[in-house]
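Visitor: Before we start, here is the structure in question, set down as structure tokens.
Computed from the coordinates by the stated procedures, all read-outs in this text should not be read as laboratory data. Here the structure is a predicted model, which means the values were calculated and not measured. Virtual Cβ from ideal backbone geometry, glycine too; neighbours counted across all protein chains shown.
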Amino acid sequence: MTSPTVPVPEGTPEPAAKSEDPRQRSIVREARRYFMSEGYAATRIEPIARAASVSTATLYGYFPSKAHLFSAVIADAADDFQAQMRTVGMAGGTAREQVTAFATAYANFMGDRFVRSVFRLVMAERPRFRDVAQGFFERGRSDFGAPLMRALTVLAERGELSFPKAAWAAGQLMGMIEHPVFFMPLVTGDEVQTQRTTECIVAEVVETFMARYGT
């Protein structure tokens, strides 16, 4: 059975929440595996249906086209990221303790190979799914950046930090972490890893951040 020719404009709607239907969840999970290993263009619907133990007709009943299925896969990955992001918070303690806790959790998240694999997939298909990709990146920025800015603002109000804008301070903190643990492997490949440990990277980042913004 061949894929129906359903034209899908940029910004194909993403599911608002994870489905409770076990067959739909299985389809999305198997599709994620194929899209990430094969890429969008090379991925075929029939193997996904077989891996999910459903017929192709059943799969198309949930997702009218491969484009709709891809959008659901990205939304599902974003949901998983959001669940992980909930652990990347600012706990109680001094400014240094809170910044260290955030930096450690964020470094562990951004250094995860699965996270990079999803980002690679989204970036590769951005010309085809521009709005889906933009929504994915904006969601990540909101889930991470907004809570961090709120926490930094509280620390500034307590007199433990001083900065002109919370957004600048948050962006610099996240950027110092992202460069060695995320962007370098993203560009050079997972086989090329920084020689520094995560603990060493976090310690250097926190020291630089506190030297700049600590009071």
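Visitor: Using Cβ counts within 10 Å as a stand-in for footprinting exposure, how do 48, 201, 74 rank, fewest first? Display every interim value, and only then the final one.
Guide: Numbers: 48 26, 201 20, 74 23.
Ordered by Cβ neighbours within 10 Å, fewest first: 201, 74, 48.
Visitor: Please go through region 77-173 and write out the GluC sites (Glu not before Pro) that DSSP classes as loop and that have at most 13 other C-beta atoms within 10 Å. Write down the numbers at each step before the final one.
Guide: Values: sites: 97, 125, 138, 157, 160; in loops: 125, 160.
For GluC sites (Glu not before Pro) across region 77-173 that sit outside H, G, I, E and B with at most 13 neighbouring Cβ atoms in 10 Å, the list is empty.
Visitor: For the Cα atoms of the chain, what angle does the longest principal axis make with the long axis of helix 66-85, in degrees from 0 to 90, nearest 10?
Guide: Its long axis makes an angle of about 30 degrees.
Visitor: Still on this model: In vacuum, with every alpha carbon of the chain counted as one equal point scatterer, what does the Debye formula give for log10 I(q)/I(0) at q = 0.07, 0.10, 0.12, 0.17 Å⁻¹? Two decimals, please.
Guide: The computed values of log10 I(q)/I(0) come out as -0.27, -0.53, -0.71, -1.12.
Visitor: A further question follows. What is the helix-to-structure angle for 130-157, meaning the angle in degrees between its Cα long axis and the longest Cα principal axis of the chain, kept from 0 to 90 and rounded to the nearest 10?
Guide: Between helix and principal axis, roughly 20 degrees.
Visitor: Another question, if that's okay. Rounded if a/c is under 1.5, else prolate if a/b is larger than b/c, else oblate: which is region 97-199, with a ≥ b ≥ c the root eigenvalues of its Cα gyration tensor? All intermediate terms of the calculation are to be shown ahead of the outcome.
Guide: On the way: a/c = 2.81, a/b = 1.44, b/c = 1.95.
Oblate.
Visitor: DSSP loop (so not H, G, I, E, B), at most 15 other Cβ within 10 Å: list which trypsin sites (Lys or Arg not before Pro) in region 31-69 pass both filters.
Guide: Working: sites: 32, 33, 44, 50, 66; in loops: 44.
Passing sites in region 31-69 are 44.
Visitor: For region 74-213, calculate the relative contact order in percent as a whole number, restricting contacts to Cα pairs under 8 Å that are 6 or more residues apart.
Guide: Values: 116 pairs, mean separation 44.4, N = 140.
So the answer I get is 32 percent.
Visitor: Angle between the Cα long axis of helix 95-110 and the longest principal axis of the chain, 0 to 90 degrees, nearest 10?
Guide: 20
Visitor: Taking a ≥ b ≥ c as the square roots of the Cα gyration tensor eigenvalues, with a/c under 1.5 meaning rounded and otherwise prolate when a/b beats b/c, else oblate, which class fits region 22-64? Display every interim value, and only then the final one.
Guide: Values: a/c = 1.91, a/b = 1.52, b/c = 1.25.
Prolate shape, in that a/c is at least 1.5 and a/b is the bigger ratio.
Visitor: I would also like to ask the following. Could you state the number of Å between the C-alpha centres of region 165-187 and region 97-154?
Guide: 10
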